[in-house]
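Novice: Have a look at this one before I ask anything.
The values are calculated or read from the model by the stated rules, or taken from the named source; none is laboratory data. Computed from a predicted model, the values in this text were never measured in an experiment. So basically every Cβ, Gly included, is an ideal-geometry build from the backbone, and we count neighbours across all protein chains shown. All accessible areas refer to the heavy atoms of the entire protein, side chains included, with ligands and DNA or RNA removed. Shrake-Rupley method; radii C 1.70, N 1.55, O 1.52, S 1.80 Å.
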Amino acid sequence: MTQQAHKGGSMKRTRKLAVVVLIALVAGLVLASPADAWNSHGACTKIIISDQDWLKAYDSITVTPWTYADVDTAAVGPNFVLQYIEGVPGTVTSAAAILTNYADEPDWKMDQDLSLSPFQTLTGGSQGWRHQYYGLGWLRFGVAPARAQYFFDLAGKAKEKGDLYWTFRYLARAMHYVQDTTQPYHGVPAPAGLIFKGIGSFSTLMGSAVNHHYNLEEYQGAMIARSSPVLVNALKAAVPLDVTTATSPSWLCRNGAYLGRPLVRTLWPLENKFFGDSLNSKDSWFFDETGLHVADPGSDQAAYDQELSVPLGRMSSNTKTLLLLARQHFGL
Ligand SMILES: [Zn+2]
């Protein structure tokens, strides 16, 4: 290698590193508040599993107390309270109810206020660290894939004990992280190119990233609640991946984040069009939900729905794949 080429290469690396650091800085500020990812995992899960007929064989499961202190040793947020939604141990429930009711459980302070990594501030704290998988240049921030795997393995241990309640409850938790990693803004905070183009000051870019992130989630939840045909169909029509390739929950998370990252580049301008200029402000801004209705054909909203249905379909596809893996591994 000539000295010139060597110099060029190292300059390129320095520049790339600067980008990464800058984005990471944005990321840290962007996710200063806890990251929930998709709005309401439960409501989406209910739609996703509506075609899972095999679950009907598990329509009578007795709630059991948590007895996994010996194997479930990962740190839990100091303010996390273990809830029994369907009733105290002894109550009868179903696999579908457990999956739906506990799909959001990892967002219930389970992962908050913990000290997990010196880099967790880059993802907005311990919850962000556990629920995301940022890819910035060659760097990765967050442990969502490991969390999905952790709970999947615990589901297997519960099944070995013949404890169906905790099999499905641990599976619901694993599912949460698999679903989280399909939300494109959980793979990367903003289109990297924007930092160079400059859409205003640094604080404007930062505020814009926050607004894009949270308005997407708010909108998606609101449209599922309004039974948007495009979004509901995306959840319903998705098919599982081939489990000879998608071999583990960890793989599902890594692949979901990988495929979601480029979508940020197309979602961002569509959000500018649909939500309007207020989105790109340094201040927190939320769209007005009053009067929000199913998109008219040919509208900016319809175009946004079409693009949003891609990662939403992946959320469903990866969830169905996870269930397939659970059946295969645990003999469900
Ligand atoms: Zn989450």
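Novice: State which residue is least open to solvent (accessible area, probe 1.4 Å) when the search covers only region 259-294 and only residues that are more than 22 Å from S228 (Cα to Cα) and among the acidic types (D, E).
Specialist: As a first pass, look at region 259-294 and keep what is more than 22 Å from S228 (Cα to Cα): 259, 261-262, 265, 277-285.
Checking which are among the acidic types (D, E) leaves us with 277, 283.
On the way: D277: 131, D283: 91 Å².
Selected residue: D283.
Novice: Can you name the residue in region 116-127 that is in a loop (DSSP other than H, G, I, E, B) and under 20 Å from Q149 (Cα atoms) and is also farthest from the ligand (Cβ to nearest atom) among such residues? Lay out the reasoning, then the answer.
Specialist: Within region 116-127, the first condition is being in a loop (DSSP other than H, G, I, E, B), and the residues that meet it are 116-119, 124-125.
Narrowing further to those that are under 20 Å from Q149 (Cα atoms): 116-117.
Working: L116: 15, S117: 17 Å.
Filtering first and then ranking leaves S117.
Novice: Further question on the same structure: In region 142-174, what residues are under 24 Å from G90 (Cα atoms) and of a type in the set (V, I, T)?
Specialist: Answer for region 142-174, where residues must be under 24 Å from G90 (Cα atoms) and of a type in the set (V, I, T): just T167.
Novice: Please count how many residues of region 117-128 are buried (at least 16 other Cβ atoms within 10 Å of the Cβ) and over 23 Å from T319 (Cβ atoms).
Specialist: First, the residues of region 117-128 that are buried (at least 16 other Cβ atoms within 10 Å of the Cβ): 120-128.
If we keep only those that are over 23 Å from T319 (Cβ atoms) too, we end up with 120-122, 124-126.
Result for region 117-128: 6.
Novice: Of (1) in a helix (DSSP H, G or I); (2) buried (at least 21 other Cβ atoms within 10 Å of the Cβ), A103 satisfies all except one. Which?
Specialist: Looking at each condition in turn, A103 falls short on (1).
Novice: Need the failing condition index for P240 against (1) part of a loop (DSSP other than H, G, I, E, B); (2) over 18 Å from A326 (Cα atoms); (3) in contact with a Lys or Arg (Cβ under 7 Å, 6 or more places away or on another chain); (4) away from the ligand (no atom under 16 Å from the Cβ), just the number.
Specialist: The failed condition is (2).
Novice: Taking region 85-104 as the region of interest, how many residues are within 21 Å of S316 (Cα to Cα) and touching a helix residue (DSSP H, G or I) at 6+ places or on another chain (Cβ under 6 Å)? Spell out the reasoning first.
Specialist: Our first condition is that a residue be within 21 Å of S316 (Cα to Cα); within region 85-104, this holds for 94-104.
Cutting the leftovers down to touching a helix residue (DSSP H, G or I) at 6+ places or on another chain (Cβ under 6 Å) gives us 95-96, 98-100, 102-104.
Residues flagged as within 21 Å of S316 (Cα to Cα) and touching a helix residue (DSSP H, G or I) at 6+ places or on another chain (Cβ under 6 Å) within region 85-104 amount to 8.
Novice: Looking at region 90-99, which of its residues are crowded, with 21+ Cβ neighbours inside 10 Å and more than 16 Å from the ligand (Cβ to nearest atom)?
Specialist: Looking only at region 90-99, we keep the residues that are crowded, with 21+ Cβ neighbours inside 10 Å, and these are 93, 95, 98-99.
Answer for region 90-99, where residues must be crowded, with 21+ Cβ neighbours inside 10 Å and more than 16 Å from the ligand (Cβ to nearest atom): T93, A95, I98.
Novice: Condition (residue is hydrophobic (A, V, I, L, M, F, W, C) and within 16 Å of the ligand (Cβ to nearest atom)) applied to region 190-197: is it met by at least one residue? Break it down stepwise before answering.
Specialist: Looking only at region 190-197, we keep the residues that are hydrophobic (A, V, I, L, M, F, W, C), and these are 190, 192, 194-196.
Now drop any that are not within 16 Å of the ligand (Cβ to nearest atom), which leaves none.
The answer is no; no qualifying residue exists.
Novice: Looking at region 134-157, I want the residues that are more than 19 Å from T182 (Cβ to Cβ) and have a partner that is among the aromatic types (F, W, Y) and at pLDDT 95 or above with Cβ atoms under 6 Å, at least 6 apart or on another chain. Which pairs are those?
Specialist: Short answer, once both residue conditions are applied: L154/Y170; A155/Y170; G156/F330.
Novice: Here's a follow-up. For V243, all conditions in the list (1) open to solvent by 10 Å² or more (accessible area, probe 1.4 Å); (2) hydrophobic (A, V, I, L, M, F, W, C); (3) farther than 29 Å from G137 by Cα hold save one; what is the number of the exception?
Specialist: (3)
Novice: Can you name the number of the only condition in (1) touching a strand residue (DSSP E or B) at 6+ places or on another chain (Cβ under 9 Å); (2) within 16 Å of the ligand (Cβ to nearest atom); (3) of a type outside the set (S, T, N, Q) that L164 fails?
Specialist: Evaluating L164 over (1) touching a strand residue (DSSP E or B) at 6+ places or on another chain (Cβ under 9 Å); (2) within 16 Å of the ligand (Cβ to nearest atom); (3) of a type outside the set (S, T, N, Q) leaves (2) as the failure.
Novice: So in region 130-141, with the set limited to residues that are open to solvent by 10 Å² or more (accessible area, probe 1.4 Å) and either within 11 Å of the ligand (Cβ to nearest atom) or in a loop (DSSP other than H, G, I, E, B) (or both), which one is nearest to A246 (Cα to Cα)?
Specialist: Y133
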